[in-house]
Every structure is written in C-alpha cells, then in structure tokens.
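See below for the structure under consideration.
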Amino acid sequence: MGLAASLLIMAACEEAKRFEISGGDKTPPGEPVFVGSKPLPGGARVFFIPPDDEDVLAIEASYLNADGKKVRFIESYFTDSLDVLGFGKAGAHLIELCAIDRSGNRSTSILAAVEALAPPVELVAKSLKLLPSFASMLVKWTNTLRESVYVTVEYSFMLNGEIHNFTRVFSTFQTEMRPIDSLKLFHNEPVLVKVSVKDKYGNMVSKRDTTIVLLTDELIPKDRWLLPVPGITMGIMQADGVNHYMAIDDLIEINISSNYFITTMNNPWNFIIDLGEEYELSRIVTHQRWSGASGISVQGNLYSGNNVLNYNLYVWNGRAWQLLSRCNIIPPMVMSETEYTDMGKAGDMFFIFPEEPRFSIPARWVRLEALSGKYISEITLYGRKAQ
C-alpha cells in the first residue's frame, strides 16, 4: 500500500472518530463565530466559522417566532453557512447561534442580527384577488417563489332567511386560480368573504373583509337548437357519426345507457350547434360517456377511454369562427371510485373567460372542436339572450 493511500485511510479514520458517541463527555464545545448574513425572502443565509473543536458535529441557529416557540435550523459543521427561514415580516431579526458536539453538548449561544426580505406569505397575500363569477367566485393569487402556502377562504351569505357559512382551504406552490362553486344563491345576493394566507411556520396574513355580488346567468334552453347534417357548414366540417341529437337531449349516459354521440373522424373534429337565436355565453358543461370500459369498475369510462377531454370552443361572429376558450378536462383526484360517478353526473364546467368571467359576444352558432377523444354524452350552455 502506498504512502498516499495510507495517509488517506488514517484521515478517514480520524474523521470517523468525530461521529462516535461519547456519553461521558460533558464539556460544551466552543462558540461559532458569526461572519455575516444575506437577506432571503422571509429569512437570511447566515455565514459562520465553526469552533476549532474536533468533536463538533453541527451548528444551530434559532429564534422565537410570533407564538413564542423556538424555531431551529441545523447544518453540518463542515459547511460555512445555513439558511434561517420563517420570519413573518421583512427587516431586522435576532437569532442565536451555537455549536453542538457528538455528545449533544451545546456551546454558549451568541446573538446575531440578520436582515430578512418580505416573506412569501406576505407576497402571496398582496397578490390575492377575488372575482365574482357565474354562480360562484374565483380566488386568484401569485406565488412566484413557489413556497408552500395555505390560502383560506371563509364566506357566508343569507339563503332562505338563514346564514350559511363555509370554509375552503387551498394548498399551493405556484400561481393558482381556484373556483368556489358551492354558492347556490338568489340573484344579487351579497357574499361576505374573508381570505387569509398562512405558511408552514405559522405566519398568517389576513386580507380585509370583502363583500361581492355574484354574476348571474341562465341555462340556455335547447328546444330551438338545430344540428347541421355532416358536411361543410360555414367553412367547417360537421363531424360524421350517429346520434348527434343525443349530445343535446338533456340526457346523460351515466343515467341512460348508450346515450352519447360518437364519431369515426380523427381529431380534431367539430360539433356545430345552431342555438336558434343569439345568446351571450357564460359557461359550458360537458358530460362524458360512462360505459364501455373493460372490466367491472364504478368509474367506468369516466376521465379515460375515448371521452373528449380537450376541446376548443368557438362562436360565429358574422365573418369567421372566433375562439373563446381552450378547455382541458383534468382527471380529478378522488378518494373513492364512487366519487367519479358523482363528478360524472355533475359534468365538467368551464367559464367561457376563466381569467375574468364575463359574457361572450352575441352569437347564434357555436362550435366545439374536439382535440382528443371520440365520445361526448351531453353539451350544455349557460348565458343570456343577446342584449
């Protein structure tokens, strides 16, 4: 064995001794030296020099949070910095630094002042927006740092002379927009909303209470709807297939066996509807085929198989087909198979303008361009007669 290899083995053995437990050692190690810090969102990167003690294993930084609880951060002795996070506001903060040896002994703590930038919880709270929508409301926020935060929405309203209170909690790492659609209210009924943002360190920022009035729309009746026969209509090919009418007969396949439209065309294919008169659209709901999956399953064919899960929605503006929305049906995360059937019966709803709910331009002709799948059980539209 060469000299270099022998020296390497000896050094490794000496390093290994550092991690041996020495229960009889009661002597605390020396103190670390605070070098400085760099501000971070809701925290600081703390630079230090560990004490020159052979049995030191780690350096700990800690502080008391708003609840008076100590929050600790530990880093190995062979680094020169550690990140301290979770401050609830920007500015100066006091931390404690100490060294910990292999017997668990702690050195005397030293105080150090560090600077923090605005925490993620505050940035998310500042970006929060509440938007009234049709029979629902939207809560929007931006989480550019992609830190884990929890957005809580508490809302209440009067219905049939009684106050109804609800709470929804959303967890997110990024920019989000979540609909809250459990609001079955009368026209122009105000909703009192309270929104707060909390992080995993317990910091919370509450927004000022807000009262909003939801937008109202109506189910567009289908009694005057007409479907062009397969072929060219306004420059677009109406899909071939059988049972076109089953997609607009107010019956869904999960309740009525084989009640769905199917085409033999490759994607993309089009389903064109003449509404009979001009409407301004607000929402679309589609229902999927349930039967046809292999094996026995409560889920059946829902959110799988050859169902249409991606489509574009157009209206005829008098000169050309105008794109309104791109709708992507995402398979839901559910706890049990029976929840799939509940969602299948409810259908998949999209706002025509999801970023800022409003009515479309007046139009009589509507086109659904299927980007995937061959089956669709029902198409339902909401809106109002052209103003």
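No value in this document is a laboratory result; all are computed from the given coordinates. For clarity, every value in this text was computed on a predicted model and none was experimentally measured. As a convention, Cβ positions derive from the backbone with ideal geometry for all residues, glycine included, and neighbour counts pool all protein chains shown.
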Its Cα gyration tensor gives segment 213-338 an equivalent ellipsoid whose semi-axes in whole Å, largest first, are 27, 19, 15
Using a Cα-Cα cut-off of under 16 Å, which aspartates and glutamates could be cross-linked to LYS198, ignoring same-chain neighbours fewer than 8 residues away? ASP67, GLU122, GLU147, GLU154, GLU176
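Report the gain in length on full extension from ASN328 to ASP342: 0.36 nm times residue separation, minus Cα-Cα distance, nm rounded to one decimal. Don't skip to the end; give the middle numbers.
Details: separation 14, 0.36 × 14 = 5.04 nm, distance 1.91 nm.
Answer, rounded to one decimal: 3.1 nm.
Let me check I have the definition right: for the chain, take the eigenvalues of the Cα gyration tensor, multiply each by 5, take square roots. What are those semi-axes in whole Å, largest first?
Over the Cα atoms of the chain, the ellipsoid semi-axes are 60, 28, 19 Å.
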So, in nm, how far is label ASP274 from label SER171 when the simple model puts each one 7 Å beyond its Cα toward the Cβ? 5.3
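Rounded to the nearest 500, what is the 222 nm mean residue ellipticity of the chain from helices alone, with -39500 (n - 2.57) per DSSP H run of 4+ residues and division by all residues?
Only helices count here, giving -2500 deg cm²/dmol.
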Suppose the chain between ASP83 and MET237 were pulled fully straight at 0.36 nm per residue; how much longer would it get relative to their current alpha carbon spacing? 49.4 nm
Beyond 15 Å, what share of the Cα-Cα pairs of segment 29-116 is found? Please give it as a whole percent. 53
Given the pairs LYS69/LYS140; LYS70/LYS126; LYS70/LYS207; LYS69/LYS129; LYS222/LYS345; LYS89/LYS129, which span a C-alpha to C-alpha distance of over 30 angstrom in this model? LYS69/LYS140; LYS69/LYS129
